[in-house]
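Let me begin by presenting the structure, written as structure tokens, before commenting on it.
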Amino acid sequence: MANGNAQVVIPKLTKDNYDNWCIQMRALLGSQDVMDIVEDGYTEPASKEAEGTMTEAQTTILRANRKKDCKTKSIIYQGLDEPTFELIASSKSSKEVWDTLHKTYKGADKVKRIRLQTLRGEFESLRMKSNESITEFYTRVMVVANQLRRNGENLEDMRISEKIL
């Protein structure tokens, strides 16, 4: 997919990178001005007859939304492998695709709590290794801190600084 002269690289979703993939896709879909369709969706008319009674302005908006939805699904599909595509193949809209991927990879509340508990333990047990540079340790701390934050943990910068010091 080309944007001007620049080639856009679609990130690939794997079983281990959903959080990072999601951040990258939000940026990409935002740059394509379609993130609103993913987050809010749009309303399809209940029937062909209902569509026939729409005003010209409503029809124009519906066509634009359908086009944005197709563009969005096309972008998302490019980042999926075959088994993941099978999970969302029956989804009718890009919002439904996004929500299904979120439920599949983020999991239920119980899974989130377990993930947070594991990450908290990992954060608390982080220690600088004798052969490790400060930059390497800082990177390890920030990776875990960012994972905690993405999973809903309210981790303050002061706590991270204390851990590094």
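The values are calculated or read from the model by the stated rules, or taken from the named source; none is laboratory data. All of these numbers come straight from a predicted model, not from anything done at the bench. Positions of Cβ are generated from backbone atoms using ideal geometry, with glycine treated the same way; all protein chains shown enter the neighbour counts. What goes into the accessible areas is simple: the full protein's heavy atoms, side chains included, and nothing from ligands, DNA or RNA. Shrake-Rupley method; radii C 1.70, N 1.55, O 1.52, S 1.80 Å.
Brief remarks follow.
- Residue ID - surrounded by the fewest Cβ atoms within 10 Å (Cβ to Cβ), chosen from residues in the stretch 16-32 that are of a type outside the set (A, V, I, L, M, F, W, C) and touching a residue at least 12 places away in the same chain (Cβ under 8 Å): Ser31
- Any hit, the stretch 52-60, residues being open to solvent by less than 60 Å² (accessible area, probe 1.4 Å), without any contact (Cβ under 8 Å) to a residue 60 or more places away in the chain, under 27 Å from Val144 (Cβ atoms) and not in a helix (DSSP H, G or I): no
- Output for the stretch 143-165, where each listed residue is open to solvent by 70 Å² or more (accessible area, probe 1.4 Å) and free of Cβ contacts under 8 Å to residues at least 12 places away in the same chain: Val143, Arg149, Asn154, Glu156, Asp157, Met158, Arg159, Glu162, Leu165
- Residues that are without any contact (Cβ under 8 Å) to a residue 60 or more places away in the chain, surrounded by fewer than 19 Cβ atoms within 10 Å (Cβ to Cβ) and not in a helix (DSSP H, G or I), drawn from the stretch 63-117: Ala89, Ser90, Ser91, Lys92, Gly107, Ala108
- Arg140 touching a residue at least 40 places away in the same chain (Cβ under 8 Å), surrounded by 15 or more Cβ atoms within 10 Å (Cβ to Cβ) and of a type outside the set (Phe, Trp, Tyr): no
- Residue within the stretch 3-19 that is among the basic types (Lys, Arg) and over 24 Å from the mean Cα position of the chain (by Cα) present: no
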